[in-house]
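The values are calculated or read from the model by the stated rules, or taken from the named source; none is laboratory data. Remember, it's a predicted structure, so these values are computed and weren't measured experimentally. Virtual Cβ from ideal backbone geometry, glycine too; neighbours counted across all protein chains shown. Side chains included, ligands, DNA and RNA excluded: accessible areas come from the protein's heavy atoms. Shrake-Rupley method; radii C 1.70, N 1.55, O 1.52, S 1.80 Å.
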Amino acid sequence: MNSEKEKKLDEIAREVLQLSRNTLLVNLRFLDSALSRLSYFPTEAEGIFTEGTHIIYNPRYILNCYKAEKELPVRDYLHITLHCIFRHMFADANINREYWDLACDIAVESVICELGIKSVTSRRNKSQISYLVDLKLKLKKLTAEKIYRFLADNPPSKSKLEGMKEVFSGDDHEIWYMTKEELKAKFGFSDDQGKNSDKGENGRGGIYEDWKEVSQRMEMELEAFSKHTGNASGSLTQNLLEVNREKYDYTAFLKKFAVLGEAMKINDDEFDYIFYTYGMELYKNMPLIEPLEYKEVKRIKDFVIAIDTSGSTSGELVQKFIQKTYNILKTTESFFSKVNINIIQCDSEIREVVKITSEKEFDEYLKTMKIHGLGGTDFRPVFQYVNELLHKKELLNLKGLIYFTDGYGVFPKEKPSYETAFVFVDDECNNYNVPPWAIKLILQSDEI
């Protein structure tokens, strides 16, 4: 931005951006906090970008958009802001970028279309309608995460993919995947500006936390604005629920059920190498001290996995859950040489009980597993059955019970003597009520 002409162009472009910002504030007051977090940064690179702290723009690009359609800069401003609110730029490094970029654009454009604000209604609305109608019939809720999974499972043809990119694109996402050095090289950030773009460890740095706070506050504020936004805020609310939902680490959770026990393992912590070495030198092949053969380690011994086999819980998902639980147990070395794992299938009554005492039996069970039941849901029979096992001393070291369910059933009134977790698999961001004594985990299907 050296010449006077370029400076003048930038001044006008900034006025357009400021006008766009003010227009959004007038129509969407709950965006105040989000809009105030983005400052302007001109660039010679073609297009408009954001890395979470700036709107990085080419002045000529902004002015050409405004000249073609005065609503377009306002729409692109909102498009970029929604990317930040939904924290789309903090994707996993291994994600399919092409599908993720498109999924994010579809999600924010769907929100914009539903808001129905005249000042952001551009010509691309009409081009998007057929795509959005088709996706809503298949997905119901258009969040970036759901759309991405759909694209990954149902890859569109190259021509359709390019067509969707053209009608939904609002900004350039290349910046999302850049390092601090690449940002400086492409856009001319100073060291101070560059560090503002640093996402930190695992993409969860200061920028992420800032936008997380904005997003959570907006979710609460939308309830107050619901009288004014009505059903039009549906996609916005769905995306906020998706991005703000509490994420659970099932692996870490399962480890909490580990109990202390003895395993055949050399205990290096209590082994004195000095006496051992001295004995070997003094008496040749006779150490003065032998390593201990036992070590206290955390292993799961008695464990109950209850499966709700009512009509609303799919057999394929149940098998995946059992497989995941098994995989976690194996990879975390959670098995004793002898285990006592009870797998109970139940709908309104106990349908099947399988006792697993070794890894070999678990392998065989997974190969031959069948779902029984598909009736109503009542949680109480499982707890009654487990209490009987405890009374008969068939479970001597029970740490906990995991109940895999859709949540719609009758809970026991009294707290059991062991930890209990109800695991829900729900891609719709529903909330479930469980008794105060129970642990609640909500996983999504792709997490299983």
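Pop the C-beta distance of S119 and E419 into the FRET formula with R0 = 41 Å and round what comes out to the nearest 0.05.
0.15
Taking the highest mean first, how do the peptides 70-83, 112-125 order by number of other beta carbon atoms within 10 angstrom per residue?
The peptides rank, most packed first, as 70-83, 112-125.
For E209 and K255 in the same chain, what is the full-extension length gain: residue separation times 0.36 nm, less their Cα-Cα distance, in nm?
The E209-K255 span can extend by a further 13.8 nm.
Got a sec? Charge dipole of the stretch 93-156, +1 on Cβ for Lys and Arg, -1 for Asp and Glu; which of Q128, L102, F150 is way out at the positive end?
So the residue furthest toward the plus end is Q128.
Considering only Cα-Cα distances, which of the following residue pairs are longer than 18 Å: K70/K118; K324/K360; K255/K355; K7/K70; K118/K160?
The pairs that break the limit, which is 18 Å between Cα atoms, are K255/K355; K7/K70; K118/K160.
Of the peptides 397-403, 38-44, 302-308, how do they stack up when ordered by the mean number of other Cβ atoms within 10 Å, highest first?
302-308, 397-403, 38-44
Rounded to a whole number, what % of the accessible area of the stretch 1-60 do carbon and sulfur atoms account for, probe 1.4 Å?
So the carbon and sulfur contribution to the accessible surface is 48 percent.
Hey, got the dipole for the stretch 50-159? About the Cα centre, +1 on K and R Cβ, -1 on D and E Cβ, debye to the nearest 20?
360
Can you figure out the FRET efficiency of K360 with N96, using R₀ = 51 Å and their beta-carbon distance, to the nearest 0.05?
The formula returns an efficiency of 0.85 here.
Between S3 and A185, what is the label-point separation in nm under the 7 Å Cα-to-beta-carbon projection?
If labels sit at A185 and S3, their model points lie 2.8 nm apart.
Note the per residue figure in Å³ for the convex hull of the C-alpha positions in the stretch 21-150.
Hull volume over Cα atoms, normalised by residue count, gives 115 Å³.
How much accessible surface area, in Å² rounded to 10, belongs to the heavy atoms of E15 with a 1.4 Å probe?
Rounded to the nearest 10, the figure is 130 Å².
Calculate, in nm to one decimal, what D134 and I439 gain on full extension: separation in residues at 0.36 nm each, minus their alpha carbon distance.
106.0 nm
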